[in-house]
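*Asks:* There's a structure below that I have some questions on.
The values are calculated or read from the model by the stated rules, or taken from the named source; none is laboratory data. All figures in this text were calculated on a predicted structure; none of them were measured in a lab. Glycine gets a Cβ as well: all are built from the backbone with ideal geometry, and neighbour counts include every protein chain shown. What goes into the accessible areas is simple: the full protein's heavy atoms, side chains included, and nothing from ligands, DNA or RNA. Shrake-Rupley method; radii C 1.70, N 1.55, O 1.52, S 1.80 Å.
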Amino acid sequence: MFNKLKDCLVDLDRDCVLMVVDELLKNGVSATEIVLGPLSSGMEEIGRLYEEGEYFIAELVEAAEIFKEAMKKLEPLLREEASRMSSARRRLRIVLGTVKGDVHDIGKTLVAVMLQAAGHEVIDLGVDVDAEKFAEAVVKYKPHILGMSALLTTTSRYMRKVIEELEKRGLRGRVKVLVGGAATTREFAEKIGADGWAPNAVEAVKLVNEIAEKISVEE
Ligand code: B1M
C-alpha cells in the first residue's frame with residue numbers, strides 16, 4: 001500500500017492519495033511513517049520527473065497542494081505522535097525559516113509542526129527569509145536555536161551568509177544553528193559552520209531534544 005500511495009501522488013490523483021492515506025491509517029500505520037515514507041518519496045519522484053522534463057511547474061504546484069491536503073488529515077496525528085518524542089527536560093525556543101530566494105515550505109512546516117508537538121516553542125518566519133530578518137529575530141526572540149531550510153542548491157549557499165550576519169552582529173555565540181532541506185547534507189552543514197543537520201523532521205526533533213538535554217545539564 002506504500003507503493004500505491006506513492007504512485008497515486010506521482011500520478012497527481014488527489015482522491016486516490018486521500019483514500020490510501022485513510023486505508024493506511026485504518027491499518028494502524030503511523031502518520032509519521034506515511035509522511036516521511038511514501039508521501040516524501042512521491043515528492044522526490046515528482047522532482048525527478050520535473051528534472052527529466054516530463055513534469056512542469058504546474059505539476060509541482062499540484063503535487064504540493066495534494067500533499068498539503070493529505071497533511072490536513074495527518075497533522076493532528078503527527079502532533080500526537082511527535083508529542084511522545086517529548087523526552088527533553090527543557091523546552092527550547094526555535095526560530096525557523098526557509099532562506100532567501102526559496103519558497104519551498106512543506107518540509108520546513110513539517111519540522112515546525114513536529115517540534116511544537118514535541119513541546120518546543122517555534123517562531124516560524126516563513127519563506128524567503130533574508131539574513132537581516134534572521135538576525136533581528138535572534139535579537140527579538142532570544143531563541144536557543146536558529147533553524148534554516150533550503151531546497152535549492154543556489155539558496156542553500158545563502159545559509160552561510162546568515163551565519164556570517166550573526167557573526168558580524170556578535171550573535172553567533174548566542175544560538176545553535178541547525179540546517180536542513182533536500183539541498184543540504186551533513187558535510188555541507190559542517191562546511192558552512194552550522195552546529196547541526198537533520199535529514200528529516202523526526203531527526204530534527206531528536207537533535208533539538210539532544211541540545212535541550214545538554215542545555216539543562218549545563219544550567
Ligand atoms: Co521545487 N525544486 N522548484 N517546487 N520542488 C525541488 C526542490 C527540486 C529538487 C526538483 C528537481 O528538480 N528534482 C529542484 C531543486 C534542484 C536544486 O536546486 N538542487 C526544484 C526547482 C528547480 C524549483 C524551481 C527553481 C523551478 C522553477 O521555477 N524553474 C522553483 C523555485 C522556486 C523558489 O523557491 N524560488 C520551484 C518551485 C516549486 C513549487 C513552488 C512549485 C513547489 C513548492 C511548493 C511549496 O513548498 N509550497 C515545488 C516542489 C513541490 C518541489 C519538490 C517536487 C518537492 C518538495 C517537497 O515539498 N518535498 C522538490 C523535489 C525534491 O525535494 N526532491 C522540488 C516534501 C517535503 C516533506 O520534503 O522539503 O525535503 P523536504 O523536507 C524534509 C527534509 O528535507 C527535512 O525535513 C523535511 C521533512 O522530513 N527538512 C529539514 C527540511 N527543512 C529542514 C530544516 C531542518 C531540518 C530538516 O532544520 C532546520
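*Asks:* First obtain the Kirkwood hydrodynamic radius of region 167-217 from its Cα pairs, then insert it into the Stokes-Einstein equation at 4 °C and 1.567 mPa s, and state the resulting D in µm² per second as a whole number. Walk me through the numbers before you get to the answer.
*Replies:* Numbers: Rh = 11.8 Å.
D, rounded to a whole number, is 109 µm²/s.
*Asks:* Additional query: Residues of the chain: accessible area per residue at 1.4 Å, in Å²?
*Replies:* Details: 11070 Å² over 219 residues.
Ligands and nucleic acids excluded, the figure is 51 Å² per residue.
*Asks:* Which residue, 155, 131, 12, has the largest displacement toward the positive end of the dipole of the chain when charges sit on each Cβ (Lys, Arg +1; Asp, Glu -1)?
*Replies:* After comparing all options, I get 131.
*Asks:* Can you pull the accessible area of residue 81 for me, 1.4 Å probe, Å² to the nearest 10?
*Replies:* 40
*Asks:* For region 93-218, report the convex hull volume of the alpha-carbon atoms normalised per residue, in Å³, without decimals. Let's see the in-between values first.
*Replies:* Values: hull volume 11.2 nm³, N = 126.
Dividing the Cα hull volume of region 93-218 by its residue count gives 89 Å³.
*Asks:* With labels modelled as points extended 7 Å from the Cα through the Cβ direction, what inter-label distance (nm, one decimal) is found for residue 215 paired with residue 168?
*Replies:* So the two model labels end up 2.6 nm from each other.
*Asks:* Let me ask you something else. Evaluate E = 1/(1 + (r/R0)^6) for residue 25 and residue 60, where r is the Cβ-Cβ distance and R0 equals 22 Å; express this FRET efficiency to the nearest 0.05.
*Replies:* Working: r = 26 Å, r/R0 = 1.19.
Plugging the Cβ-Cβ distance into 1/(1 + (r/R0)^6) gives 0.25.
*Asks:* Something else about it: Could you go through region 103-118 in sequence order and give the Karplus-derived ³J(HN,Hα) for each residue, using 6.51 cos²θ - 1.76 cosθ + 1.60 with θ = phi - 60°, rounded to whole Hz, and x for Gly and Pro?
*Replies:* 10, 5, 10, 5, x, 4, 5, 4, 4, 4, 4, 6, 5, 4, 5, 7
*Asks:* Taking the Cα centre of region 68-219 as origin, sum charge times position over the Cβ atoms of Lys and Arg (+1) and Asp and Glu (-1), and report the length of that vector in debye to the nearest 20. Numbers along the way, then the final one.
*Replies:* Numbers: 26 positive and 23 negative charges, 43 e Å.
Roughly 200 debye for region 68-219.
*Asks:* Continuing with this model, one more query. Using only the alpha-carbon atoms, how far is helix 57-83 inclined from the longest principal axis of the chain? Give it as 0 to 90 degrees, nearest 10.
*Replies:* 70
*Asks:* Have a look at the DSSP beta bridges in the chain and tell me what percent are antiparallel, nearest 5.
*Replies:* Values: 0 of 18 bridges.
The antiparallel fraction comes to roughly 0 percent.
*Asks:* Over the chain, what is the mean sequence separation of C-alpha contacts under 8 Å (at least six apart), divided by residue count, expressed as relative contact order in percent? Don't skip to the answer; put the middle values down first.
*Replies:* Working: 335 pairs, mean separation 38.6, N = 219.
Computed value for the chain: 18 percent relative contact order.
*Asks:* Also, I was wondering about something else. Any chance you could tell me what percent of the C-alpha pair distances in region 106-174 go past 20 Å?
*Replies:* On the way: 707 of 2346 pairs.
That fraction is 30 percent.
*Asks:* Take peptides 189-198, 34-43, 108-117, 135-144 and line them up by average Cβ neighbours within 10 Å, highest first, as a rough protection proxy. Don't skip to the answer; put the middle values down first.
*Replies:* On the way: 189-198: 18.0, 34-43: 21.7, 108-117: 23.3, 135-144: 16.4.
Result, highest mean Cβ count within 10 Å first: 108-117, 34-43, 189-198, 135-144.
*Asks:* Starting from the coordinates of the alpha-carbon atoms of region 2-83, obtain the Kirkwood hydrodynamic radius over all distinct pairs and give the value in Å to one decimal.
*Replies:* Details: mean 1/r = 0.0788 Å⁻¹.
The Cα-based Kirkwood calculation yields 12.7 Å.
*Asks:* Leaving out ligands, DNA and RNA, and with a 1.4 Å probe, what % of the accessible surface on the chain is carbon or sulfur?
*Replies:* Working: 5620 of 11070 Å².
Carbon with sulfur: 51 percent of the solvent-accessible area.
*Asks:* Now for a separate question. Tell me, what ³J(HN,Hα) does each residue in region 35-44 have, in order and in whole Hz, if you take phi through Karplus 6.51 cos²θ - 1.76 cosθ + 1.60 with θ = phi - 60° and put x for Gly and Pro?
*Replies:* 6, 7, x, x, 5, 5, 6, x, 5, 4
*Asks:* Along the charge dipole of the chain, Cβ charges K/R +1 and D/E -1, which of 199, 120, 27 sits furthest on the positive end?
*Replies:* About the Cα centre, the residue reaching furthest to the positive side is 120.
*Asks:* Same structure again: Roughly how far apart, in whole Å, are the Cα centres of region 100-128 and region 54-82?
*Replies:* 14
*Asks:* Taking every Cα atom in the chain, find the radius of gyration and the maximum pairwise distance Dmax, and write them in Å.
*Replies:* 17.7, 55
*Asks:* Can I ask one more? To the nearest 500 deg cm²/dmol, what mean residue ellipticity at 222 nm is calculated for the chain from DSSP H runs of n ≥ 4 alone, each contributing -39,500 (n - 2.57), summed and divided by the residues? Before the final figure, lay out each step's value.
*Replies:* Numbers: 11 runs with 127 residues, N = 219.
Computed mean residue ellipticity for the chain: -18000 deg cm²/dmol.
*Asks:* Relative to the longest principal axis of the C-alpha atoms of the chain, give the angle of the C-alpha long axis of helix 201-218, reported between 0 and 90° and rounded to the nearest 10°.
*Replies:* Approximately 20 degrees, to the nearest ten.
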